Amino acid sequence: AVTADYSLIDAHTLRVINTCHQGSVTGKVKIAKGKAKIIDTVSNAKLKVSFFGPFYGDYWVLDHADDYSWSIVGEPSGRYLWMLTRAANPGEATRSMIENRVKSLGYDLSLIRWTKHS
């Protein structure tokens, strides 16, 4: 039961609020608040995100649906990857399509953990 909410602070900065339930979908709610700076203003696809003061990490939108119903986000080293969907439980066809796109980007799918939602 994870959500990620993004909202504009100004033309180059976003507010990021990640929420999850620890241990299970009914577990204690944990909230992480951060901010993201757009570093590629041509595509708006490369950001630096911080949840810990002055420390920022790469957060690159690598692929997305035309309607933004799903997106693939990662960083250049390939150590971190997120497959995000607006639907809490995307259908098998959508999951498979996203996984194939992730593979084509060179990421190791064995490291992926799908989030459980109610």
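The values are calculated or read from the model by the stated rules, or taken from the named source; none is laboratory data. Computed from a predicted structure; not experimentally measured. Here the Cβ is made from the backbone with ideal geometry for all residues, glycine too, and neighbour counts use every protein chain on show. Surface areas here come from the heavy atoms of the whole protein model, side chains and all, with no ligands, DNA or RNA. Shrake-Rupley method; radii C 1.70, N 1.55, O 1.52, S 1.80 Å.
Close Cβ contacts (under 8 Å, 6 or more residues apart or on different chains) running from residues in region 11-36 that are without any contact (Cβ under 8 Å) to a residue 40 or more places away in the chain and closer than 16 Å to Phe52 by Cβ to residues that are open to solvent by 60 Å² or more (accessible area, probe 1.4 Å) and outside any strand (DSSP E or B) comprise Asn18/Val2; Lys30/Gln22. Of the strands (runs of 3 or more DSSP E) contained entirely in region 1-46, those carrying at least 1 residues that are under 28 Å from His117 (Cβ atoms), among the small types (Gly, Ala, Ser) and open to solvent by less than 70 Å² (accessible area, probe 1.4 Å) fall at 3-10, 29-38. Among the residues of region 48-60, those that are under 15 Å from Asp5 (Cα atoms) and open to solvent by less than 60 Å² (accessible area, probe 1.4 Å) comprise Val49, Ser50, Tyr59. Being under 19 Å from Ser7 (Cα atoms) and part of a loop (DSSP other than H, G, I, E, B) is a property that Ala87 has.
Kindly evaluate His64 against the criterion of being surrounded by 12 or more Cβ atoms within 10 Å (Cβ to Cβ), touching a residue at least 40 places away in the same chain (Cβ under 8 Å) and not charged (D, E, K, R).
Details: surrounded by 12 or more Cβ atoms within 10 Å (Cβ to Cβ): yes; touching a residue at least 40 places away in the same chain (Cβ under 8 Å): no; not charged (D, E, K, R): yes.
When the stated conditions are applied, His64 does not pass them.
If you check Thr115 against the conditions, is it in contact (Cβ under 8 Å) with a residue 12 or more places away in the chain and touching a Cys at 6+ places or on another chain (Cβ under 9 Å)? Answer is yes for this residue.
Got a number for residues in region 63-72 being part of a strand (DSSP E or B) and either under 20 Å from Asp5 (Cβ atoms) or modelled with pLDDT under 95 (or both)? Show your work before the answer.
Going residue by residue through region 63-72, those that are part of a strand (DSSP E or B) are 63-64, 70-72.
Next, from what is left, pick out any that are either under 20 Å from Asp5 (Cβ atoms) or modelled with pLDDT under 95 (or both): 64, 70-72.
So the answer is 4.
For region 101-118, the candidate set comprises residues that are at pLDDT below 85 and surrounded by 11 or more Cβ atoms within 10 Å (Cβ to Cβ); within that set, the residue that is nearest to Glu75 (Cα to Cα) is Ile112. Among the conditions (1) in a loop (DSSP other than H, G, I, E, B); (2) over 21 Å from Asp40 (Cα atoms), the only one that Arg95 does not satisfy is (1). Among the residues of region 73-84, those that are assigned to a loop (DSSP other than H, G, I, E, B) and either of a type in the set (Asp, Glu) or free of Cβ contacts under 8 Å to residues at least 24 places away in the same chain (or both) comprise Glu75, Pro76, Ser77, Arg79, Tyr80. Of all residue pairs spaced 6 or more apart or on separate chains, those with beta-carbon atoms under 9 Å, a first member in region 95-111 that is of a type in the set (Phe, Trp, Tyr) and a second member that is open to solvent by less than 70 Å² (accessible area, probe 1.4 Å) are Tyr107/Leu62; Tyr107/Ile72; Tyr107/Gly74; Tyr107/Gly78; Tyr107/Leu81.
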